[in-house]
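Presented below is the structure to which this report refers.
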Amino acid sequence: MHILAVGVNHHRAPVNVREKLALTASDLEKTLTKLRHTKSIFEDVIVSTCNRTEFYVVSDQLHTGRHYTQQFFADCFHISREDILPFLFVKEDREAVNHLFRVACGLDSMVLGETQILGQVRDSFLTAQKAGTTGTFFNELFKEAVTVAKHAQAESQINDHPVSVSYAAVELIKDTFGPLDDKRILLVGAGEMSQLALKYLTGGTSQIMIANRTAEKAVRLADQFGGRAVPFESLSRCLDQADILITTTSAPDFLLSQRDVADAVARRGEKPIVIVDIAVPRNIDPDVARLDGVYLYDIDDLENIVASNLKEREKAALLIDPMIDEQLDKFAGWLRTLGVVPVITALRNKALSIHSETMKSIENKLPEMTQHERKVISKHAKSIINQLLRDPINKVKEIAGDKNSKEAMDLFIDIFNIADEVSGQQERTPFTVSVPKKEQQMVETHT
């Protein structure tokens, strides 16, 4: 089997492309199931955030997995394959695993070391697990991705320097206005990015209005940060009172059109307004930027803003790379042990068969045994078997990663005379996996 990552992110696709390729939470489970039933796909997880939409799949063949996942991606968003290919990346085996680990650690984010992505990767995996589209490979892989990301955050202190999209948005506003003491801010949305923005705004201004489709969330957030909730339906009217508008919602369509903002500008007179739209898809019609007195920024504009804040995080990121390499080797080792599962199973089954036959023989020769005596003898016989098998099983796991593993494995099977048992195991689960190591060794594996 092979592991592939196929998708788009902020490295290859601008926001006007990414916003067309975002999946809503309601669509995610259905899309996961459809992808899982696509030819050549055995497992899948989809990570869809404001800066990336990435499909992780387990496929029986590289070329078919690559082809069908790319085609599914295009069909999913009703775009021709030819139009989407220039923006799509494809990573295979070790490179795909390395990419996932870097994503989870925040090293592939627009804002280096951001912490939100770890929760998003974990939630994406849990959604796929709930949908029944993960199995042996991804259950282990995503567990290791979360583990290495948590370890990286703790050991590198990369999060000691607050840098996020929300942080960058607030820094941009401060660069534009300077002190915000007398500025009125309208925040649209009540999700994590809004909460982070409020965290960075707290203390800078007390004049914060919060609007959200679910009014209760707006009220709760307003109470938490000392602002006031305003009706979502009155958004364009609330704009009359704001110096700054920040939007963070997942709405599929524009919340404010050019006409909405133009009318607000006319009512405001000559007072300028700064709009920071950090949503994907965008919440504000980009034509708003043409209006006099309106300064519109979207998520791509923040990349330059955060550059000066990343020096310390870049130093911390250097400490994370060795951690990822270590986790990659650990995952490769786990894959190699999968290759010996049928051999170990066959050896155990043969040992249990011998134990069963021996116990029957003892019972025939000692029919007067009590039930207690039988249990004692059976327990000690199993203990002898387990002790005898411990070293051979550990040895066969070791040789799975050797250069001449096939020859060594064949010799092991021959010594214990378990060829028929191993063959039976392989017929039930006839899969192979490409071990994500630089030498790309192929080993037999079984899920």
Search result, residues across region 86-118 that are more than 16 Å from VAL165 (Cα to Cα) and assigned to a loop (DSSP other than H, G, I, E, B): LEU88, ASP93
Subset of region 63-85 [under 11 Å from ALA5 (Cβ atoms) and either assigned to a strand (DSSP E or B) or among the polar types (S, T, N, Q) (or both)]: THR69
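For region 165-179, give me the residue count where each residue is of a type in the set (Gly, Ala, Ser) and either at pLDDT 85 or above or in a loop (DSSP other than H, G, I, E, B) (or both). Don't jump to the end; show me each part of the working.
Kept after step one, since they are of a type in the set (Gly, Ala, Ser), are these residues of region 165-179: 166, 168-169, 178.
Narrowing further to those that are either at pLDDT 85 or above or in a loop (DSSP other than H, G, I, E, B) (or both): 169, 178.
Count: 2.
Among LYS39, LYS30, LYS20, LYS34, which is among the charged types (D, E, K, R), at negative phi and touching a residue at least 60 places away in the same chain (Cβ under 8 Å)? Lay out the reasoning, then the answer.
Working: LYS39 fails: touching a residue at least 60 places away in the same chain (Cβ under 8 Å); LYS30 fails: touching a residue at least 60 places away in the same chain (Cβ under 8 Å); LYS34 fails: touching a residue at least 60 places away in the same chain (Cβ under 8 Å).
Checking each option against the conditions leaves just LYS20.
Just to be sure before I move on: is GLY132 within 19 Å of LEU32 (Cα to Cα) and assigned by TED's automatic domain parsing to the domain that holds GLU29 in the structure I sent? Step through it out loud before you land on a result.
Numbers: within 19 Å of LEU32 (Cα to Cα): yes; assigned by TED's automatic domain parsing to the domain that holds GLU29: yes.
So GLY132 fits the description; yes.
I'd like to verify a number: residues in region 250-275 that are within 36 Å of the chain's Cα centre (by Cα) and crowded, with 20+ Cβ neighbours inside 10 Å, how many?
In the first step, residues of region 250-275 are kept if they are within 36 Å of the chain's Cα centre (by Cα); the result is 250-258, 274-275.
Going one step further and asking which of them are crowded, with 20+ Cβ neighbours inside 10 Å, we end up with 255-256, 275.
Going through region 250-275 one residue at a time, the tally reaches 3.
Which one of THR49, THR53, THR64, THR115 is touching a residue at least 60 places away in the same chain (Cβ under 8 Å) and not assigned by TED's automatic domain parsing to the domain that holds ARG282? Don't jump to the end; show me each part of the working.
Numbers: THR53 fails: touching a residue at least 60 places away in the same chain (Cβ under 8 Å); THR64 fails: touching a residue at least 60 places away in the same chain (Cβ under 8 Å); THR115 fails: touching a residue at least 60 places away in the same chain (Cβ under 8 Å).
When all the criteria are applied, what remains is THR49.
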Where VAL280 falls short, out of the listed (1) modelled with pLDDT of 85 or more; (2) surrounded by 21 or more Cβ atoms within 10 Å (Cβ to Cβ); (3) in contact with a His (Cβ under 8 Å, 6 or more places away or on another chain): (3)
Residue match in region 391-404 (condition: surrounded by 15 or more Cβ atoms within 10 Å (Cβ to Cβ), modelled with pLDDT under 80 and over 24 Å from GLY135 (Cβ atoms)): yes
Within region 70-94, tally of residues that are under 16 Å from ASN9 (Cβ atoms) and among the hydroxyl-bearing types (Ser, Thr, Tyr): 0
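For every residue, the table says whether it meets (1) among the hydrophobic types (A, V, I, L, M, F, W, C); (2) closer than 19 Å to PHE177 by Cβ; (3) touching a Lys or Arg at 6+ places or on another chain (Cβ under 6 Å).
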residue: ALA229; (1), (2), (3): yes, no, no
residue: ILE246; (1), (2), (3): yes, yes, no
residue: SER250; (1), (2), (3): no, no, no
residue: LEU255; (1), (2), (3): yes, no, no
residue: VAL261; (1), (2), (3): yes, yes, no
residue: ALA264; (1), (2), (3): yes, yes, no
residue: GLU270; (1), (2), (3): no, yes, no
residue: ILE273; (1), (2), (3): yes, yes, no
residue: VAL276; (1), (2), (3): yes, yes, no
Only one of VAL121, VAL165, VAL111, VAL90 that is over 16 Å from THR49 (Cα atoms) and either buried (at least 20 other Cβ atoms within 10 Å of the Cβ) or not polar (S, T, N, Q) (or both): VAL90
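Among the residues of region 341-352, are any assigned to a helix (DSSP H, G or I), over 24 Å from ILE418 (Cβ atoms), modelled with pLDDT of 80 or more and touching a Pro at 6+ places or on another chain (Cβ under 9 Å)?
Of the residues in region 341-352, the ones assigned to a helix (DSSP H, G or I) are 341-352.
If we keep only those that are over 24 Å from ILE418 (Cβ atoms) as well, we get none.
Scanning region 341-352, I find no residue that is assigned to a helix (DSSP H, G or I), over 24 Å from ILE418 (Cβ atoms), modelled with pLDDT of 80 or more and touching a Pro at 6+ places or on another chain (Cβ under 9 Å), so the answer is no.
Might you check whether a residue that is of a type in the set (D, E, K, R), under 31 Å from the mean Cα position of the chain (by Cα) and under 29 Å from ARG94 (Cα atoms) occurs anywhere in region 282-300?
Filtering region 282-300 down to residues of a type in the set (D, E, K, R) leaves 282, 285, 287, 290, 292, 298, 300.
Checking the rest, the ones that are also under 31 Å from the mean Cα position of the chain (by Cα) come to 282, 285, 298, 300.
Narrowing further to those that are under 29 Å from ARG94 (Cα atoms): none.
No; the residues of region 282-300 include none that is of a type in the set (D, E, K, R), under 31 Å from the mean Cα position of the chain (by Cα) and under 29 Å from ARG94 (Cα atoms).
If you go through region 287-300, how many residues are touching a residue at least 60 places away in the same chain (Cβ under 8 Å) and either in a helix (DSSP H, G or I) or not assigned by TED's automatic domain parsing to the domain that holds ASP243 (or both)?
2
The values are calculated or read from the model by the stated rules, or taken from the named source; none is laboratory data. Just so we're clear, the structure is a prediction, and the values are computed from it rather than from any experiment. Glycine also receives a Cβ, built like all others from the backbone with ideal geometry; neighbour counts cover every protein chain displayed.
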